[in-house]
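Chemist: Can you read through this structure? Questions will come right after.
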Amino acid sequence: MNKFLTLLALVFLLSKASLAQSIVSFKSLGHGDDAIYGMSGASSFYVKISPMVEINGSKLVLYFEPSQALIKEHSFINIILNDKPAYSARLTKDSIQKVTLNITRDDISPDKFLKIQVKTLLTISDDICRDLDNPAMWLKIKDYSYLSLQRSKSGATDVNISNCFESKRAIVYPADPTLHDLKAVAWSYARLKKSQNKPILVFPANEVPDSIKNYIEVGSLATLPQDKRDLIKVTPQANEGILYLSKSSATITDTVTQMVNEKGVMVAHKSFSTETVPAEILFVSGGDDDAGYEKAITAMGNINILNSTFGDYLLIDQAQNTYFKTVDENRSKLSLKQVGGSSDFLSGIGSLKSAYSFKNSDFNFTPKEVEIRFIGTYSGLNPGDRGYFNIYLNGLLISSEKLDASGKLNTSVTINRYQHHKYNTLESEFRFFPTNGECKNSFINFFGEVDVDKSYLESKNPFISSDLSFYQYPEAFNTGSTRIIVSKDIAKYSAGAIGEIIYELNNNINSNNFPEFVYSSDMQPGDLKKYNIIALLDKSDPLMNEFPDAPIKFAQNFRLYNTDNNKIVYSLSDTVSSGLAQIFYGRSNNATLVLTATGNHPSDALLAASRSITEQLSTLSSNVCVTDVNSNKYLFNINKSSGNLEYVDAKSTLTKFWDSYNLYILLGILILILLSFLFVRSRVQRSQELYND
């Protein structure tokens, strides 16, 4: 089987001073054990190499585990670096096998990527035809494989604005941020998250840990601390923005963990090392006026400007966000190439697969139906051959078509909203079996290739519902202008959450959502109908009362009940830090998202809520999300007629007293009834005795 899995890992590799090298495991690059299945399979890894790394003298160490059922002396592994063969060998009898390769500059592509391909040819029996589709044919690349990379002698001199983002893990902002500061954090956050798969940390300037050495700092020149201003050697003029990269180094002590093979068992060995790391700060700032600062923020949203800035500073005199309009805004028809697909020439017999991925937000609206069309070519079938073209969506077979002698592929299938998710995996498969008895002579006869330029995904109709749900986020905000509203009281806690929101609004093939920012106190109620609204509000903010169509009034504590058995499924109070989010249509049918937080950790709660609503959700109708700082998440579908919502604070004193003591009151009444019965019964017996006497 020819399987080609491409995992793109963007990592900025640091250097060690004492050992003059950095150990970077495959697991730290964002993936675990990677299995290659079938008789003939392949897996590829792309690693971004930092200018801080000296390639000559660096090493690649691969650990892999073959299936126990293989005939090892008839099975082979091939390692290819930068499309050039680097290693080929038969498998040995060891359960875990190791290969160490030296890396040279010739193994690095011009765009500074190390491309690693692992190809296998596996055998279980002496009959090749019997080995087809045998599930025991696999080889697993272990996640503790690693790269040992030498420190560059040139140090940080090769680092510039265009290639510095992969190393940044944090953003620092003024302790009392303005709207401009929040916007700068948001666009910096979105840029960092697009360049790596590691968590992005956000800190006020007075809470930065000593361990954070490499980060982005935002703020106008007037608000930056004096020691930080002294690092900026270029002074912007009035109305000018500036991006400035300050470079130095710092020494830290860290723990290094390496996996060592001891008698066939991988054992973790830990050691301490003194490490010299870059102490880089990328400043996003402007002159003493907000106009220049705003230009720098706009530049942070333009990846074309950032990728072409090869110096340590950039002065911005003019900036606008019209550059986002680079793709047809209709975005109802997307080629497979637009969503990241590449043409793979596949050959062999059995199963030949290619994988693609797409998400609802790639379209400009949530699709109700999506037509998936594949166009390509393949070698025509001979009489007696059996061939099929299969389409899988999220692991399920949705279409199968017989191949013929024409060699032309043009097939389509339409899926409905229940079949596709927010995030989708699409697979195409050529499946070929030759005429009986011709198996051994047919391994190079069949080939197939999907044309990713002509193949496409087309959204037929928008998904329209009376109630907005998280399933339609963020594409519900693609049409029209969007305003982000922030309460002044929680502005300093909302930076990370706004960063997540800006990232999601632009996490598609056409990043063109540049929202306006405004304080809730400056927002006129009448303007709530003119824009799509994303509001991060304090529970007591008066603007909370201006959303009559909201499913829940977040200003009050509430309980949610199971409508089937009337049991409480969730109860909210201020004693626990919770993030609350709800999405709904406003009075002018405009998309509205409201987030708030409770408890003593509002920053973590808001961030948890903003992340939870972007995850792969299993329901089409959830419009309320409650999550806590421990990532526990609850999704609800709330409407005014559902009857499963109760406001605790809205009850009268008498009602609260009844809710608290109703069992005791009922028990007391029952006892009184019983005592009354016994009293009457005793009186009747006494009267009867007197009568008998």
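The values are calculated or read from the model by the stated rules, or taken from the named source; none is laboratory data. All values reported here derive from a predicted model rather than from experimental measurement. Every residue, glycine among them, receives a Cβ derived from its backbone with ideal geometry; neighbour counts consider all protein chains shown. Accessible surface areas use protein heavy atoms only, side chains included; no ligands, DNA or RNA. Shrake-Rupley method; radii C 1.70, N 1.55, O 1.52, S 1.80 Å.
Chemist: Please pull out the direction-averaged projected area of region 174-237, using the convex hull of its alpha-carbon atoms, in nm² to one decimal place. Each step should come with its number before you reach the end.
Modeler: Details: hull surface 21.0 nm².
In nm², the orientation-averaged hull projection of region 174-237 is 5.2.
Chemist: How high is the FRET efficiency from Ile71 to Ser271, r the C-beta distance, R0 56 Å, rounded to 0.05?
Modeler: Efficiency for this residue pair is about 0.90.
Chemist: Provide the per residue accessible area, probe 1.4 Å, for region 168-303, rounded to a whole number of square angstrom.
Modeler: Normalised by residue count, the accessible surface of region 168-303 is 43 Å².
Chemist: So for region 282-418, what are the equivalent ellipsoid semi-axes in whole Å, largest first, each being the square root of 5 times an eigenvalue of the Cα gyration tensor?
Modeler: 47, 18, 12
Chemist: Right, next: Return the inverse of the average 1/r over all pairs of distinct C-alpha atoms in region 327-366, which is the Kirkwood hydrodynamic radius, in Å to one decimal. Spell out each step's value before the answer.
Modeler: On the way: mean 1/r = 0.0820 Å⁻¹.
After inverting the mean inverse Cα-Cα distance, the result is 12.2 Å.
Chemist: Given only helices, namely DSSP H runs of n ≥ 4 each adding -39500 (n - 2.57), what is the per-residue ellipticity at 222 nm of the chain, to the nearest 500 deg cm²/dmol?
Modeler: -4500 deg cm²/dmol
Chemist: What is the set of long-range amide H partners of Ile103 at a cut-off below 5 Å, with H atoms built 1.01 Å from backbone N?
Modeler: Gly57, Ser58, Lys59, Leu60
Chemist: Could you tell me what fraction of 2.2 N^0.38 Å the Cα radius of gyration of region 354-405 comes to, as a two-decimal ratio?
Modeler: In units of the 2.2 N^0.38 Å rule of thumb, it is 1.50.
Chemist: Given bins 10 angstrom wide, list per bin the percent of all Cα-Cα distances in region 161-207, short to long.
Modeler: Taking all Cα pairs of region 161-207, the binned fractions are 26, 53, 20, 0 percent.
Chemist: Ranked by accessible surface with a 1.4 Å probe, highest first, in what order do Phe446, Phe463 come?
Modeler: Numbers: Phe446 0, Phe463 25 Å².
Sorted by accessible area, descending: Phe463, Phe446.
Chemist: Evaluated at 37 °C with a viscosity of 0.692 mPa s, what Stokes-Einstein diffusion coefficient in µm²/s does region 273-316 have when Rh comes from the Kirkwood expression over alpha-carbon pairs?
Modeler: In µm²/s, the coefficient rounds to 268.
Chemist: Give me the accessible area of Met39, 1.4 Å probe, in Å² rounded to the nearest 10.
Modeler: 20 Å²
Chemist: In debye, nearest 20, what is the charge dipole magnitude of the chain about its Cα centre with +1 on Lys and Arg Cβ and -1 on Asp and Glu Cβ, if you could check?
Modeler: Using only the charged Cβ atoms, the result is roughly 1000 debye.
Chemist: Please report, largest first and rounded to whole Å, the three semi-axes of the ellipsoid equivalent to region 107-149, where each semi-axis is the square root of five times an eigenvalue of the C-alpha gyration tensor.
Modeler: Working: eigenvalues 212, 37, 11 Å².
Ellipsoid semi-axes (Å, largest first): 33, 14, 7.
Chemist: Per residue of region 395-409, in order, report the coupling 6.51 cos²θ - 1.76 cosθ + 1.60 (Karplus, θ = phi - 60°) as ³J(HN,Hα) in whole Hz, putting x for Gly and Pro.
Modeler: Karplus values, whole Hz, x for Gly and Pro: x, 10, 6, 10, 7, 8, 9, 6, 8, 9, 7, 6, x, 10, 10.
Chemist: Further, regarding this structure: Take the solvent-accessible surface of the protein heavy atoms, probe 1.4 Å, and return the percent of it on the chain that carbon and sulfur atoms account for.
Modeler: Carbon and sulfur together cover 50 percent of it.
Chemist: Mind listing the long-range amide H neighbours of His420? Cut-off is under 5 Å, sequence gap 5 or more, other chains count too, H placed in the peptide plane at 1.01 Å from N.
Modeler: none
Chemist: Sticking with the crude label model, points 7 Å out along Cα→Cβ, report the distance from Thr425 to Asp126 in nm, one decimal please.
Modeler: With each label point 7 Å from Cα toward Cβ, the separation is 3.8 nm.
Chemist: At a temperature of 10 °C and a viscosity of 1.306 mPa s, determine how fast region 39-197 diffuses translationally according to Stokes-Einstein, using the Kirkwood radius over alpha-carbon pairs as Rh; express D in µm²/s, rounded to the nearest whole number.
Modeler: For the chosen part, D equals 85 µm²/s.
Chemist: Between region 101-129 and region 189-223, what is the separation of their alpha carbon centroids in Å?
Modeler: 37 Å
Chemist: How big is the chain by Rg and Dmax over its Cα atoms, in Å?
Modeler: Both quantities, over Cα of the chain: 31.5, 124 Å.
Chemist: On C-alpha positions alone, give me the angle between the axis of helix 495-505 and the longest principal axis of the chain, in degrees, nearest 10.
Modeler: Orientation of helix 495-505: about 60 degrees from the principal axis.
Chemist: Given the pairs Lys359/Lys553; Lys142/Lys198; Lys213/Lys233; Lys112/Lys213, which span a C-alpha to C-alpha distance of over 22 angstrom in this model?
Modeler: From Lys359/Lys553; Lys142/Lys198; Lys213/Lys233; Lys112/Lys213, over 22 Å: Lys359/Lys553; Lys112/Lys213.
Chemist: Further, regarding this structure: Using 7 Å Cα-to-Cβ label points, what is the Ser687/Asn206 separation (nm, one decimal)?
Modeler: Those two pseudo-labels are separated by 8.3 nm.
Chemist: Would you mind checking the pairs Lys59/Lys168; Lys333/Lys460; Lys27/Lys140; Lys168/Lys488 and listing those with alpha carbons more than 19 angstrom apart?
Modeler: Lys59/Lys168; Lys168/Lys488
Chemist: Here is a follow-up. Rounded to the nearest 0.05, what FRET efficiency do Leu674 and Val576 have when you use their Cβ-Cβ distance and R0 = 51 Å?
Modeler: 0.75
Chemist: For Glu369, Glu217, Glu65, what's the largest-to-smallest order of accessible area, 1.4 Å probe?
Modeler: I get Glu369, Glu65, Glu217, largest accessible area first.
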